[in-house]
Amino acid sequence: MMSENRRELQEFAQTYAMSRIDRKMQYFILNSSPYIKKYNLTNDKAQWSGWEIHMRTEQHDFFVTVLRRKFIAPLMDVFQDIICASHFRTSDESAQQGEMIDPETFLNETHRNTCDSFYPKSANATVYHNII
């Protein structure tokens, strides 16, 4: 059974992804799964959760990753939603020249690296332990 938070994040990501394409276009959802953010380089104490969607139309691949950062210091009572969206043209002039990048390569090398590079501006967020 999926937790309420995860279900809400999935619905938010899918609604956002659907809003990016024309309703008249035929599309396929190739992937809709939880996303685990990497590279906590600033020792952020907040909890990160995410959902990743990969959709394909006749001309484009769409990648949408929604990251939710919650329990943010100092009071641990707020959250942020961060949307990282990329579209990748599958039919292009570069494909005729043999320079076409595979959509999975783009997803792994560009989109996911971008999502993993998000970090809070303050490197040292202090938690108010007396309140908690």
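The values are calculated or read from the model by the stated rules, or taken from the named source; none is laboratory data. Fair warning: this is a prediction, and the values are worked out from it, not measured in the lab. Quick reminder, even Gly has a Cβ in these numbers, built from the backbone with ideal geometry, and neighbours come from all protein chains shown.
So how many residues does the stretch 29-43 have that are in contact (Cβ under 8 Å) with a residue 24 or more places away in the chain and within 18 Å of N5 (Cβ to Cβ)?
Residues that pass the stated criteria total 3.
For the stretch 80-94, indicate whether the set of residues that are in contact with a helix residue (DSSP H, G or I) (Cβ under 9 Å, 6 or more places away or on another chain) and at pLDDT below 75 is non-empty.
Yes, the conditions are met somewhere in the stretch 80-94.
List the pairs whose first member sits in the stretch 60-82 and is part of a loop (DSSP other than H, G, I, E, B), whose second member is modelled with pLDDT under 80 and among the small types (G, A, S), and whose Cβ atoms are under 8 Å apart, counting only residues at least 6 apart or on separate chains?
Filtered contacts from the stretch 60-82: F71/A46; I72/A46; I72/A125; A73/A46; A73/A125; P74/A125.
Taking the stretch 21-57 as the search range and keeping residues that are part of a strand (DSSP E or B) and hydrophobic (A, V, I, L, M, F, W, C), which one is farthest from H111 (Cα to Cα)?
Per the stated criteria, the residue is F28.
Exactly one of (1) hydrophobic (A, V, I, L, M, F, W, C); (2) outside any helix (DSSP H, G or I); (3) surrounded by 13 or more Cβ atoms within 10 Å (Cβ to Cβ) is unmet by M18. Its number?
With respect to (1) hydrophobic (A, V, I, L, M, F, W, C); (2) outside any helix (DSSP H, G or I); (3) surrounded by 13 or more Cβ atoms within 10 Å (Cβ to Cβ), M18 is out only on (2).
Hey, can you tell me all the residues within the stretch 18-69 that are under 16 Å from F118 (Cα atoms) and of a type in the set (G, A, S)?
Residues satisfying the conditions are A46, S49, G50.
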